[in-house]
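Computed from the coordinates by the stated procedures, all read-outs in this text should not be read as laboratory data. A quick note: this is a predicted structure, and the numbers were derived from the prediction, not measured. Glycine gets a Cβ as well: all are built from the backbone with ideal geometry, and neighbour counts include every protein chain shown.
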Amino acid sequence: MAEKRVAVRLLGEAKEEYLELQETVRLEKEKGISSSFHQTLLRSIDSKIALLKANYDYGIQIPKKFIPRKYSVEYGVTNLWKVNLSGYWRLIYTLKQPQREQTEIEIISIWLDVLDIINHKKYDKIFRYRKK
């Protein structure tokens with residue numbers, strides 16, 4: 001019987017953006033703000049990460065020919081996925097499978113590396129989408 005584990009790692013700008021968002025939400029809550037865009041976005045990210053841990057191919061796969069150079073150069077990605085977040089933000093991730101060790105029970109580990117948490121404008125720029 002094989003067990004599948006998914007480890008989610010936030011890398012580079014995604015990690016910085018996430019930590020900054022957590023701090024903003026903490027400060028808002030200290031001020032008594034119970035509802036804001038930042039809080040909604042953080043909840044959206046956390047819930048999507050939980051979904052991805054349960055089903056790592058939940059997102060929309062981006063065809064290889066459309067993978068921006070930024071991700072292939074910075075992170076060496078060969079696959080890229082996106083998940084839509086609140087407020088037209090996007091969570092961009094890649095899947096990697098670390099080398100498996102042979103054991104009596106085969107454990108399949110998947111690393112889900114979150115590469116970016118970006119707003120729609122930055123997403124359009126990275127993926128070279130143009131306004132019509």
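Data for the structure
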quantity	calculated
Criterion violated by K96 - all others in (1) farther than 23 Å from K125 by Cα; (2) under 12 Å from the mean Cα position of the chain (by Cα) satisfied	(2)
Pairs where the first residue, in the range 6-31, is in contact (Cβ under 8 Å) with a residue 60 or more places away in the chain and the second is of a type in the set (S, T, Y) and outside any helix (DSSP H, G or I), C-beta under 6 Å, 6+ apart	V6/Y56
Subset of the range 77-100 (residues that are out of contact with any Leu (no Cβ under 7 Å at 6 or more places or on another chain) and over 15 Å from D116 (Cβ atoms))	T78, K96, Q97, P98, Q99, R100
Criterion: under 23 Å from Q97 (Cα atoms) and crowded, with 16+ Cβ neighbours inside 10 Å - qualifying residue of K48, K64	K48
Matching residues in the range 1-27 - criterion: being crowded, with 16+ Cβ neighbours inside 10 Å and either touching a Cys at 6+ places or on another chain (Cβ under 7 Å) or over 19 Å from I118 (Cα atoms) (or both)	V6
